[in-house]
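Some notes on the structure that comes next.
The values are calculated or read from the model by the stated rules, or taken from the named source; none is laboratory data. Just so we're clear, the structure is a prediction, and the values are computed from it rather than from any experiment. Quick reminder, even Gly has a Cβ in these numbers, built from the backbone with ideal geometry, and neighbours come from all protein chains shown. Areas reflect the complete protein model, heavy atoms only, side chains present, ligands, DNA and RNA absent. Shrake-Rupley method; radii C 1.70, N 1.55, O 1.52, S 1.80 Å.
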Amino acid sequence: MKIKIPSIIKKQIIALTGFLLSGFVAAHLLGNIMIFFGPDAYNSYAKKLMSLGPILYLMEAGLIIIFLIHMGFTITLVIENRKARPIAYKKTPSTKKRSIATRIMPYTGTLIFAFVVLHLLDFKYNNHYGMVAGKLQEGLYARVYESFTDPLHSLLYIIAICAVSFHLTHAIQSMFQTFGLSSAKSHPYLVKISITIGVLIALIFGSLPIFVMVKEKAAQKPKVSFYDTSKEVMHNET
Amino acid sequence: MKTINITVKVWRQENAVAKGHFEDYKLTEIDTDMSFLEMLDVLNEGLTLSGELPLAFDSDCREGICGMCGAVVNGEPHGPVKAVTICQLHMRSFTDGQTLVIESWRSKAFPVIKDIVVDRSAFDRIMMAGGYISVKTGTTTDANANLITSDIAEEAMDAAQCIGCGACVAACPNASAMLFVGAKVSHLSLLPQGKIECVERVRKMVTQMDKEGFGSCSNEYECSVSCPKEINISHIARMNRKMIKATIKSVVG
């Protein structure tokens, strides 16, 4: 017996998996702002996470499955949707209501997928050493730090974060609509909240590489600069 | 009397299987007080006199309440004026020398019959699947037998305004019929007479909607903007909510 999943249910599965993935983004955000508190705070957070052992593997496996479900159902719906209009308009119905974020959802989604793969290779499955202010250091902090001192690397990271941000500005309010949790009254507010969260995510994650680059600039200064800046660096290292 | 000269670029298609194309026609001295359909009548008069086949288009009441007419004008279902059907659109909304691109609704579920006339029986089949209430016929029930609060009655009425013209499908980037089905589901499920069969109705109507080849909703909200009756997207949200209930019920039993 072949069971056909109704289109609305498919969308609700996408919304649910999307919700779980944004939960991951939020948790990841909370973990990664540890970078602001220096290498010790960040490395100990990373170690603590790794020490979860089997639980961490279970969570990772769960995340991968959620990610694949989210993508799989989206791909089938996008294909179905394209098929629903075999002859295109000469003049495409004007975008009176659709935001840019809404229009580029499948593309930001694809970009996010590519980013996640690269990001894992970059930080998770890479050696955890790196140059911090001209010295080789051990730990995830050093790895992240070194990567972000490269402006091109940072730029690509910021572009990817913008994709996540765009994706979320549409996704959050869309999720409420798909679950039927919005009303005519609440919908405009949900749209505003959605945009705010998307922008906040972009600002916080986006500030990480900028923070590192500024810090590296400051660390390089003491060779040519005044003694008080060097004091600050020494203080940081202890 | 103000008149304008316009060029219409209109979709011509001989029949359901023929390949369509755009044809340009120049129209001079069009009275700006004419309705859009009257302008098409003028076009057809000219075509008939010159021995060409007139343009086939749908219309019935010509007062914006029946849902029969409809075309996409310059990328806008029912034209540039908000909350009107194309029969209530007037030529004063256009400027002298303007080119109007006139197309049919574009959807796999709405195949073209001829020119800009499309077959919207997909909507009828969705209604037949569950867009009704099962009641005994006979004498009218007492007016106060079913108590309905004013706000519920208003909201049901807002949904019931849908005339089934199909502009929502035309406007949707995915050619989805969610606003139409949402309005029908919402209208019936809000009222005590319709509540009884609500869960089954949602399941049946959505199943039929999928079968017809409409796309799915990606919450772009273009439908509501193009709707001549300004049906709110909250009716789609209500249908989504009911669909969760219907699915749980069909799985659990």
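For the reader, a short list of remarks on this structure follows.
- A:Lys48 - accessible surface, heavy atoms, 1.4 Å probe, Å² rounded to 10: 150
- GNM result for chain A, Cα springs below 10 Å: residue of A:Pro86, A:Pro209, A:Pro106 fluctuating most strongly: A:Pro86
- Taking trypsin sites (Lys or Arg not before Pro) across region A:106-188, the ones in a DSSP loop with at most 16 further Cβ atoms lying within 10 angstrom of their Cβ are A:Lys185.
- Taking a span of 27 Å or more along the helix axis (Cα atoms) and a mean Kyte-Doolittle hydropathy of at least -1.0 as the rule, the DSSP H helices of chain A that qualify are A:7-32, A:54-83, A:151-178, A:187-220.
- Filter on A:Lys11/B:Lys249; A:Lys97/B:Lys114; B:Lys136/B:Lys211; A:Lys90/B:Lys26 - keep pairs with C-alpha separation over 21 Å: A:Lys97/B:Lys114; B:Lys136/B:Lys211
- Averaged over A:6-16, number of beta-carbon atoms from partner chains that fall within 10 Å: 6
- Using a probe radius of 1.4 angstrom, the carbon and sulfur fraction of the accessible surface of the protein assembly as shown is 64%.
- The residues of chain A expose, per residue, 60 Å² of accessible area to a 1.4 Å probe.
- List A:Ile14, B:Ile196, ordered by accessible area with a 1.4 Å probe, largest first: B:Ile196, A:Ile14
- For chain B, the antiparallel share of DSSP beta bridges with both residues in that region comes to about 75%.
- Across peptide A:171-179, the average count of Cβ atoms from other chains found within 10 Å of a residue's Cβ is 4.
- Exposure of A:Met71 as accessible area (Å², to 10), given a probe of 1.4 Å and all protein chains: 50
- FRET efficiency, 1/(1 + (r/R0)^6) with R0 25 Å, evaluated for A:Ser207 and A:Leu49 via beta carbons: 0.70
- Straight-line cross-link partners of A:Lys124 among the aspartates and glutamates, defined as a Cα under 17 Å from its Cα and at least 8 positions apart when in the same chain: A:Glu60, A:Glu138, A:Glu146.
- Those residues of region B:228-253 for which accessible area with every protein chain present is at least 10 Å² below the isolated value (1.4 Å probe): B:Asn232, B:Ile233, B:Ser234, B:Ala237, B:Asn240, B:Arg241, B:Met243, B:Ile244, B:Thr247
- Separation between Cα centres of region B:23-75 and region A:57-71, rounded to whole Å: 55
- Ligands, DNA and RNA are left out, and with a 1.4 angstrom probe the accessible area of chain B is 46 Å² per residue.
- 222 nm mean residue ellipticity, helices alone, for the protein assembly as shown (DSSP H n ≥ 4; -39,500 (n - 2.57); rounded to 500): -17500 deg cm²/dmol
- Accessible area that becomes buried as A packs against B, both chains, 1.4 Å probe, Å², nearest 100: 3500
- Selection from A:His128, A:His153, A:Thr74, by position along the positive dipole direction of chain A (Cβ): A:Thr74
- Here's the list of aspartates and glutamates a cross-link from A:Lys4 could span, going by alpha-carbon distance under 18 Å and ignoring same-chain residues fewer than 8 apart: A:Glu80, B:Glu200, B:Asp210, B:Glu212.
- Summary value for chain A: 23 percent relative contact order, contacts being C-alpha pairs under 8 angstrom separated by 6+ residues.
- Couplings 3J(HN,Hα) of region B:140-155, computed from phi: 5, 6, 4, 4, 9, 5, 10, 7, 10, 6, 4, 5, 5, 4, 4, 5 Hz, in residue order, whole Hz [Karplus 6.51 cos²θ - 1.76 cosθ + 1.60, θ = phi - 60°; x for Gly and Pro].
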